[in-house]
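Q: Please read through the structure below; I'll follow up with questions.
The values are calculated or read from the model by the stated rules, or taken from the named source; none is laboratory data. Computed from a predicted model, the values in this text were never measured in an experiment. Methodologically, a virtual Cβ is constructed for each residue, glycine included, from the backbone with ideal geometry; neighbour enumeration extends over all protein chains shown. Please note that ligands, DNA and RNA were not included when accessible areas were found on the heavy atoms of the full protein model with its side chains. Shrake-Rupley method; radii C 1.70, N 1.55, O 1.52, S 1.80 Å.
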Amino acid sequence: LVRLGDGRLFHLEIQAQRDRGMLRRMLRYCSLIYEHYGQVPLQVLLWVGEGRWDDAREVQADGLSYRYRVVDIKDIDCRELLESNDPNDVILSVLCRRGEGFWERLWERLVEIPEKEREDYIRKLLFMVKLRREAVEELNRQIREAKMPIVIDKKSDPFYREGVQKGIEEGLILDSQEMVLEALEERFGRVSEDVV
């Protein structure tokens with residue numbers, strides 16, 4: 001919720017998954033904002049999910065007429081966000097309508113981000129890309145064609161550490177299983193396939 005330069009209130013709701021109760025939620029938000037500020041906000045739902053937003057966005061009843069606006073991020077030209085000075089906008093551009101040369105320009109913009117911060121924005125980018133199947137395919141193609149390595153800081157990356165921990169645990173389990181089999185073979189001779 002922000003106050004615009006002309007004094008109006010603007011409420012932005014970002015939605016990645018369908019929510020059949022969204023109309024009620026937006027009406028409730030409108031009512032709460034009106035109660036608190038004495039002003040009806042301009043409300044926009046920014047749809048960042050797959051497909052098109054087809055859920056209800058208006059209600060007409062005796063004495064009530066309410067509607068909120070829906071903007072599909074796929075209808076926004078990615079260049080509007082790609083050229084922003086805010087790296088978060090640059091990352092968000094991957095969800096917009098991507099044109100020729102998008103990925104090359106995105107890489108250029110990512111390189112402009114200070115190295116210490118860049119890793120965090122690359123993580124955000126990888127999260128955003130998951131919201132678009134075709135973007136995942138495009139990114140994979142870019143990485144293959146450019147033979148771009150994705151560098152991970154082993155010391156600080158939680159996913160890497162979690163993977164290492166799981167690998168260690170699985171390795172310990174396999175070692176334990178092998179030791180049990182060896183002990184059984186030593187004690188009873190050949191062990192049947194059913195036991196193995």
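Every residue, every condition in (1) open to solvent by less than 50 Å² (accessible area, probe 1.4 Å); (2) under 20 Å from the mean Cα position of the chain (by Cα); (3) free of Cβ contacts under 8 Å to residues at least 40 places away in the same chain, yes or no:
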{"residue": "ILE14", "(1), (2), (3)": "no, yes, yes"}
{"residue": "GLU35", "(1), (2), (3)": "no, no, yes"}
{"residue": "LEU46", "(1), (2), (3)": "yes, yes, yes"}
{"residue": "GLU58", "(1), (2), (3)": "no, no, yes"}
{"residue": "LYS74", "(1), (2), (3)": "yes, yes, yes"}
{"residue": "ASP86", "(1), (2), (3)": "no, yes, yes"}
{"residue": "ILE91", "(1), (2), (3)": "yes, yes, yes"}
{"residue": "VAL94", "(1), (2), (3)": "yes, yes, no"}
{"residue": "ARG109", "(1), (2), (3)": "yes, yes, yes"}
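Q: Can you list the helices (runs of 4 or more DSSP H) found entirely within the range 57-129 that contain at least 2 residues being farther than 21 Å from ILE14 by Cβ and not hydroxyl-bearing (Ser, Thr, Tyr)? Please lay out each step first, then the result.
A: Numbers: elements: 79-82, 87-92, 102-112, 115-129.
Those helices (runs of 4 or more DSSP H) span 102-112, 115-129.
Q: Right, next: Would you confirm whether any residue within the range 31-52 is part of a helix (DSSP H, G or I) and hydrophobic (A, V, I, L, M, F, W, C)? Quick ask: steps written out before the conclusion?
A: Step one: of the range 31-52, the residues part of a helix (DSSP H, G or I) are 31-37.
Cutting the leftovers down to hydrophobic (A, V, I, L, M, F, W, C) gives us 32-33.
Checking the range 31-52: at least one residue is part of a helix (DSSP H, G or I) and hydrophobic (A, V, I, L, M, F, W, C).
Q: A further question on this structure: So, in the range 61-71, how many residues would count as being touching a Lys or Arg at 6+ places or on another chain (Cβ under 8 Å) and either at pLDDT below 95 or among the small types (Gly, Ala, Ser) (or both)? Reasoning before the result, please.
A: Let us first name the residues in the range 61-71 that are touching a Lys or Arg at 6+ places or on another chain (Cβ under 8 Å), namely 67-70.
This time we only want the ones that are either at pLDDT below 95 or among the small types (Gly, Ala, Ser) (or both), so: none.
The number of residues fulfilling the criteria is 0.
Q: Can you list residue pairs whose Cβ atoms sit under 8 Å apart, with the first residue in the range 118-136 being of a type in the set (Lys, Arg) and the second being assigned to a helix (DSSP H, G or I)? Count only pairs 6 or more apart in sequence or on different chains.
A: That search, which allows pairs on different chains as well, returns ARG118/LEU110; ARG118/VAL111; LYS124/ASN88; LYS124/ILE91; LYS130/VAL136; ARG132/VAL94; ARG132/LEU95.
Residues checked against (1) part of a loop (DSSP other than H, G, I, E, B); (2) in contact with an Asp or Glu (Cβ under 9 Å, 6 or more places away or on another chain):
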residue: ASP6; (1), (2): yes, no
residue: HIS11; (1), (2): no, no
residue: ARG25; (1), (2): no, yes
residue: ASP54; (1), (2): yes, no
